[in-house]
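> Take this structure, written in structure tokens, and hold onto it; I'll ask about it next.
FYI, it's all coordinate maths here, none of it is from the lab. Note that the structure is predicted; figures quoted are calculated from it, not measured. Every residue, glycine as well, gets a Cβ built from its backbone with ideal geometry; the counts of neighbours run over all protein chains shown.
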Amino acid sequence: MFKKLILLAVAFFAVTNCTRTEQPLGSAENPVKLFFVPSVDAKLITEKSELVKTYLEQNTPYKFQVSVPSSYVAVVEAFGTARADVAALNTFGYILANEKYGVQALITVLRFGSETYQAQIIAKNDSKISALKDLAGKKFAYVDPASTSGYLLPAKLFKDNSVEPKETVFANKHDNVVTMVYQGQVDAGATFYSPPEAGKIQDARRLVLTQFPDVEKKIKIVQLTEAIPNDPIVFRKDLSEEMKNKIADALVAYVKTPEGKDVFHAMYGVTDLTRSTDTKYDGVRSMLKALGKSANELVKK
């Protein structure tokens, strides 16, 4: 009898699971899986992403399930197992997801009217470092091997100009790089750059203003790198074109509403969204090629 009950239970769950997976994507039983990378406070992104979900459900024919995983790598791998359908990713994360799973960028974010961003090389104001060539033989801090502005852009800049620091370290976060430069633990470092807005700095130095109110006076920008496209919103390649376009159009429309503008600015400093294509990110691929690395190799570094 017990054996028969076990078999009945197995059969029940098999049928239930089969029924769920056969439900159309976007239904209540099989919602579109929407991921947001936790680039700032995960609690804030979780709260704001629920507002995105509500808007999308009201303005598309689909139901959504929102997730905020621990890292962009978790988002990338979720695409590999069809557990993610749409995601807000960083630029490098997108290149990795596209390289491994064919994920497609259909939206690029804008910040203060710009579709691109740069990295900056920073050093202390009272140091003798005033040009890129002065970094030869110095101790230099990157953010992370998988950071576009904290590694790829400055590494390409060094390669193009035949500059080789004596020692390099990875600080893991942009604010850590600024702190290390401020405290003299390294001679210089690389972080993201954003132009000033209303007379206030928006680059990585702003992240440590609370600890170091004089950071703008103490740390200077030595040089900016070339510009690359901002982070994209990406889609699983085998979603229907109709679904991709309806969701992408709804997101672009949402950020033009007062609520949407506030939500995306709070989450990612985004001021607008524009429709995009994969080819817009070919410059980043060329950068990787010049460095002799694939996105996957840098993650494993």
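> Could you name the aspartates and glutamates whose alpha carbon sits less than 15 Å from that of Lys244, not counting residues in the same chain fewer than 8 places away?
Result set, ordered by chain and number: Glu57, Asp85, Asp278.
> Trypsin sites (Lys or Arg not before Pro), restricted to the range 174-269: which are DSSP loop and have at most 10 other Cβ atoms within 10 Å?
Hits after loop and neighbour filter: Lys256.
> Right, something else. Gap in Å between the Cα centre of the range 35-98 and the Cα centre of the range 131-153?
Distance between centres, Cα-based: 29 Å.
> Contour minus end-to-end for Asp249 and Ile201, with contour as 0.36 nm per residue of separation and end-to-end as the Cα-Cα distance?
14.1 nm
> Indicate, rounded to the nearest 5 percent, the antiparallel portion of the DSSP beta bridges found entirely in the chain.
Rounded to the nearest five, the antiparallel share is 65 percent.
> For a quick check: with amide H placed at 1.01 Å from N, whose amide H comes under 5 Å from Asn230's, ignoring anything fewer than 5 positions away on the same chain?
Thr116, Tyr117
> Further question on the same structure: Set the bar at 20 Å for Cα to Cα. Now go through Lys173/Lys293; Lys100/Lys237; Lys33/Lys256 and name every pair that lies beyond it.
Lys173/Lys293; Lys33/Lys256
> Roughly how big is the chain's charge dipole about its Cα centre, with Cβ charges of +1 (Lys, Arg) and -1 (Asp, Glu), in debye to the nearest 20?
Using Cβ point charges on Lys, Arg, Asp and Glu, the chain gives about 600 debye.
> List the trypsin sites (Lys or Arg not before Pro) within the range 98-169 that DSSP assigns to loop and that have no more than 15 neighbouring Cβ atoms inside 10 Å.
Taking the range 98-169 and a limit of 15 other Cβ atoms within 10 Å, the loop trypsin sites (Lys or Arg not before Pro) found are Lys128, Lys166.
> Another question about this same structure. Apply 1/(1 + (r/R0)^6) to the Cβ-Cβ distance of Ser162 and Asp238, taking R0 = 45 Å, and write down the FRET efficiency to the nearest 0.05.
Values: r = 44 Å, r/R0 = 0.98.
Result of the calculation: an efficiency of 0.55.
> Something else about it: Using +1 at the C-beta of Lys and Arg and -1 at the C-beta of Asp and Glu, which of Thr168, Leu209, Phe192 has the Cα lying farthest in the positive direction of the dipole of the range 158-214?
Leu209
> Considering amide H positions built from the backbone, and no H for Pro or chain starts, which residues 5 or more places from Thr191, or on another chain, come under 5 Å of its amide H?
Gln120, Ile122
> Once the cut-off is 31 Å, how many percent of the Cα-Cα pairs in the chain end up in the long-distance tail?
Working: 16310 of 45150 pairs.
In whole percent, the long-distance tail amounts to 36.
> So in the range 116-228, what percent of DSSP beta bridges are antiparallel if you round to the nearest 5?
DSSP beta bridges in the range 116-228 are roughly 70 percent antiparallel.
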